[in-house]
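Data block below; observations after.
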Amino acid sequence: MTLHLPKDVTIIEVGPRDGLQNEKGFIPTEAKINFIKGLKEAGMKEMELTSLVSPKWVPQMSDANEIISECLDEASRNFVLAPNQKGIDRLLETDCRAVAVFVGVSNTFNQKNINKTTAESMEELKPIIASLKEKGLFVRACISTAFYCPYEGKILEDDTLKLCGEFVEAGVDELSVADTIGMAAPTESYSLFSKLKSAFPNVLLTAHFHDTRKLAVANILAALQAGIDRFDTSAGGLGGCPFAPGASGNAATEDVVYMLERMGIRTGIDLNKIIDALNSLLPHLSRNIDSAFYKLNAVHN
């Protein structure tokens, strides 16, 4: 069997946002900043820093403006999640030049998350995206529940492709397509990403897998075979979703990087420095870090 693999892969670190949003206790802002800077020292060139959401609904992100002001740099692409016009307005008051918006393929998930149907969200977002592009910002669209929904079950590929097509038509630069509850099988990963790659050859395509059923790395390998060379991962496998019952953390950055580098695929990321960044955050976490690479190597760092 011949594996069709890229020579290089881009890792988009989502730990500071997606990874920390579900932590039970508030993590001190300074600890978050040190974590982000440690990840950048490890070689991360693209990262989700935080999200501009209501502190009432996601208290962990209440220090977003301070995170943005302290962590932007010209050497990397720094995303900030902004779910609505209010968040976009806050973003435009900062120096951030890359924004992430999100919509769930599942109507039920979308309504529980942001109190709008998928169609209503897209109607609101399309003029926002156009305005952001006119201002020269990089726009990343995060597609939630692209494979399965905790409320509606299996999502049809055609529904995911249709929503992605609407975003592409609206002018986004990137599609981050997510297995939000970690239920996809590698065959499903290969199938959907093959179709996305064929349908949208001129848009950056990123795969985002959660590790609920310990299939995230297998799904990444399948997506690699489908031609995907961008992956969202979270240091330590941190994460989860407040609106997706049962969803565990994301694919662990260090496990994914280890696999890729062992396969001869360049990532540009220093694994030892990922461990250092995680160790700096560990005293503030409500859970243990259980990624394989961390458990095997943290004691030596």
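The values are calculated or read from the model by the stated rules, or taken from the named source; none is laboratory data. Just so it is clear, the structure is predicted and the values come from calculations on it, not from any experiment. All Cβ positions, glycine included, derive from the backbone under ideal geometry; neighbour counts span all protein chains shown.
For the list (1) basic (Lys, Arg); (2) surrounded by 17 or more Cβ atoms within 10 Å (Cβ to Cβ); (3) more than 22 Å from Leu278 (Cβ to Cβ), I need the number of the one condition that Lys56 fails.
Unmet condition: (2).
Kindly list the number of the only condition in (1) loosely packed, with under 15 Cβ neighbours inside 10 Å; (2) closer than 22 Å to Glu66 by Cβ; (3) at pLDDT 95 or above that fails for Lys32.
Failing condition for Lys32: (1).
Can you pull out every residue in region 36-53 that is free of Cβ contacts under 8 Å to residues at least 60 places away in the same chain, over 20 Å from His284 (Cα atoms) and either loosely packed, with under 15 Cβ neighbours inside 10 Å or among the β-branched types (Val, Ile, Thr) (or both)?
Passing the criteria: only Val53.
For region 71-83, indicate whether the set of residues that are more than 28 Å from Ala223 (Cα to Cα) and without any contact (Cβ under 8 Å) to a residue 12 or more places away in the chain is non-empty. Break it down into steps so the answer makes sense when it comes.
First, pick out the residues of region 71-83 that are more than 28 Å from Ala223 (Cα to Cα): 71-74.
Then keep just the ones that are without any contact (Cβ under 8 Å) to a residue 12 or more places away in the chain; that gives 74.
Yes, there is a match, as at least one residue in region 71-83 is more than 28 Å from Ala223 (Cα to Cα) and without any contact (Cβ under 8 Å) to a residue 12 or more places away in the chain.
If you go through region 111-120, how many residues are over 16 Å from Ser51 (Cβ atoms) and either part of a helix (DSSP H, G or I) or touching a residue at least 40 places away in the same chain (Cβ under 8 Å) (or both)? Full working, then the answer.
First pass over region 111-120, keeping only residues over 16 Å from Ser51 (Cβ atoms): 111-112, 115-120.
Of the ones still in play, those that are also either part of a helix (DSSP H, G or I) or touching a residue at least 40 places away in the same chain (Cβ under 8 Å) (or both) are 111-112, 118-120.
Number satisfying all stated conditions: 5.
Among the numbered criteria (1) within 20 Å of Pro16 (Cα to Cα); (2) basic (Lys, Arg); (3) surrounded by fewer than 17 Cβ atoms within 10 Å (Cβ to Cβ), which one does Arg90 miss?
Here Arg90 meets the rest and fails (3).
Looking at region 185-225, which of the residues that are more than 24 Å from Thr267 (Cα to Cα) and at pLDDT below 95 is surrounded by the fewest Cβ atoms within 10 Å (Cβ to Cβ)?
Among them, the one singled out is Arg213.
Examine region 171-184 for a residue that is within 27 Å of Leu92 (Cβ to Cβ) and surrounded by fewer than 21 Cβ atoms within 10 Å (Cβ to Cβ), and state whether such a residue exists. Steps first, answer last, please.
Step one: filter region 171-184 for residues within 27 Å of Leu92 (Cβ to Cβ), giving 171-178.
Still in the running and surrounded by fewer than 21 Cβ atoms within 10 Å (Cβ to Cβ): 171, 173.
Yes - at least one qualifying residue is present in region 171-184.
Output the residues belonging to region 66-101 that are closer than 19 Å to Gly15 by Cβ, assigned to a helix (DSSP H, G or I) and touching a helix residue (DSSP H, G or I) at 6+ places or on another chain (Cβ under 7 Å).
Answer for region 66-101, where residues must be closer than 19 Å to Gly15 by Cβ, assigned to a helix (DSSP H, G or I) and touching a helix residue (DSSP H, G or I) at 6+ places or on another chain (Cβ under 7 Å): Glu66, Ile67, Glu70, Cys71.
Could you tell me whether region 189-204 includes any residue that is farther than 24 Å from Thr117 by Cβ, touching a strand residue (DSSP E or B) at 6+ places or on another chain (Cβ under 6 Å) and assigned to a strand (DSSP E or B)?
Taking every residue of region 189-204 in turn, at least one turns out to be farther than 24 Å from Thr117 by Cβ, touching a strand residue (DSSP E or B) at 6+ places or on another chain (Cβ under 6 Å) and assigned to a strand (DSSP E or B).
With respect to Gly38, determine if the residue is within 19 Å of the chain's Cα centre (by Cα) and in a helix (DSSP H, G or I).
Numbers: within 19 Å of the chain's Cα centre (by Cα): yes; in a helix (DSSP H, G or I): yes.
Judged against the criteria, Gly38 is a match.
Only residues that are within 30 Å of Thr187 (Cβ to Cβ) and part of a strand (DSSP E or B): list them for region 127-157, please.
Within region 127-157, the subset within 30 Å of Thr187 (Cβ to Cβ) is 140-157.
Once the filter is applied, which keeps residues that are within 30 Å of Thr187 (Cβ to Cβ) and part of a strand (DSSP E or B), region 127-157 yields Arg140, Ala141, Cys142, Ile143, Ser144, Tyr148, Cys149, Gly153, Lys154.
Out of everything in region 244-275 that is more than 21 Å from the chain's Cα centre (by Cα) and on the phi < 0 side of the Ramachandran plot, what residue ends up being surrounded by the fewest Cβ atoms within 10 Å (Cβ to Cβ)? Quick ask: steps written out before the conclusion?
Step one: filter region 244-275 for residues more than 21 Å from the chain's Cα centre (by Cα), giving 262-264, 272.
Adding the requirement that they be on the phi < 0 side of the Ramachandran plot leaves 262-263, 272.
Working: Arg262: 8, Met263: 12, Asn272: 12.
For region 244-275, the residue satisfying everything is Arg262.
Only residues that are free of Cβ contacts under 8 Å to residues at least 60 places away in the same chain and of a type in the set (A, V, I, L, M): list them for region 159-171, please.
Leu161, Val168, Ala170
Could you tell me how many of the residues in region 25-59 are in contact with an Asp or Glu (Cβ under 6 Å, 6 or more places away or on another chain) and farther than 19 Å from Ile11 by Cα?
Total satisfying the criteria: 2.
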